[in-house]
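Colleague: Got a structure for you, questions after.
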């Protein structure tokens, strides 16, 4: 498999290492210093592109891949206000686009457990729910994309919560009863921890996921790149994993 890496930071380098170990070939590496090399001609050397950059550049990178006819796997978060436009372009171009807030297989199992538990708790009003996420200080967006996916899973399955509210550090005011509180912390070193806590007057139930390195995210993105080749349409992890 010939891969174009769009974004060559820590995640890009981890994906490169795992890809080479699996006998894949990196035919294009794009970073800030050579952004002008992101051309249709260069992209067409690749079977698939993997995009991990910044929210302000992700949309343009995705458009470039779709217009070049190259399947693209996107791990950048905080750009999803343009998701509908990307899906429309993908359909118009008969392309392939795969996005996820988190490519870790373990995290996606965690997502499924979170949705199931929220459904159970819909019948148990004595429990209130809150969330916490911790990442390294280089992660600028908050809440994390993973936290927002967890929040979405709760809100879809818990009728007594209608929205989420976020804070960086301890919130200044208590959330309203219908709000799901998400507290973000930025501490080094921390590849990523997400905790969902359900508390009542008599007990507490807590589920959490902690990443030990970036390899889980990188391996999942590489698996998605292998999976999407030959497919057409817009996809998520649930399409690849089946849950």
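Colleague: Give the average over all directions of the projected area of the C-alpha convex hull of the stretch 105-210, one decimal, in nm².
Modeller: That works out to 6.6 nm², a quarter of the Cα hull's surface.
Colleague: Also, quick follow-up: Only one of the listed values, (i) 19.7, 58; (ii) 17.0, 51; (iii) 18.9, 63, was derived from the coordinates as Rg and Dmax of the Cα atoms in Å; which label is it?
Modeller: (iii)
Colleague: Let me ask something else. Cβ neighbours within 10 Å, averaged per peptide: list 184-197, 51-64, 96-109 in order, most packed at the top.
Modeller: Order by mean packing, descending: 96-109, 51-64, 184-197.
Colleague: Take residue 91, project a point 7 Å from its Cα along the Cβ direction, then tell me which residues of the stretch 223-243 have their backbone nitrogen under 12 Å from it.
Modeller: Within reach of a label on residue 91, which here means backbone N under 12 Å from a point 7 Å along Cα→Cβ, the stretch 223-243 contributes 233-234.
Colleague: Write down the Å³ per residue value for the convex hull defined by the alpha carbon atoms of the stretch 50-183.
Modeller: Here the figure is 125 Å³ per residue.
Colleague: May I ask for the percentage of alpha-carbon pairs in the stretch 1-120 that lie more than 24 Å from each other?
Modeller: Here the tail beyond 24 Å accounts for 29 percent of pairs.
Colleague: So, one more: Computed FRET efficiency, Cβ-Cβ of residue 82 and residue 41, R0 25 Å: what is it to the nearest 0.05?
Modeller: That pair, residue 82 with residue 41, gives E of 0.50.
Colleague: Can you pull the one-decimal nm distance between simple spin-label points at residue 203 and residue 188, each 7 Å off the Cα toward Cβ?
Modeller: With each label placed 7 Å out from Cα toward Cβ, I get 4.2 nm.
Colleague: How far apart, in nanometres, would the label points at residue 25 and residue 238 be if each is projected 7 angstrom from Cα along the Cα-to-Cβ direction?
Modeller: Distance between label points: 3.8 nm.
Colleague: Follow-up. How would you rank 181, 159, 167, going from fewest to most other Cβ atoms within 10 Å of each one's own Cβ?
Modeller: In order of increasing Cβ crowding within 10 Å: 159, 167, 181.
Colleague: Evaluate E = 1/(1 + (r/R0)^6) for residue 116 and residue 212, where r is the Cβ-Cβ distance and R0 equals 30 Å; express this FRET efficiency to the nearest 0.05.
Modeller: 0.75
Colleague: Please report, in cubic angstrom per residue, the volume enclosed by the convex hull of the alpha-carbon atoms of the stretch 72-127.
Modeller: 126
Colleague: Distance between the C-alpha centers of the stretch 76-145 and the stretch 219-243? Whole Å please.
Modeller: Each part reduced to its Cα centre gives a spacing of 15 Å.
Colleague: Which of 89, 20, 158 has the fewest other C-beta atoms within 10 Å, and how do the rest follow up to the most?
Modeller: Listed from fewest to most nearby Cβ atoms, that is 20, 89, 158.
Just so you know, all these numbers are worked out from the coordinates, no wet-lab data involved. The shown structure was predicted, so the numbers you read here are calculated from the model rather than taken from an experiment. No Cβ is skipped: glycine too gets one built from the backbone with ideal geometry, and neighbour counts run over all protein chains shown.
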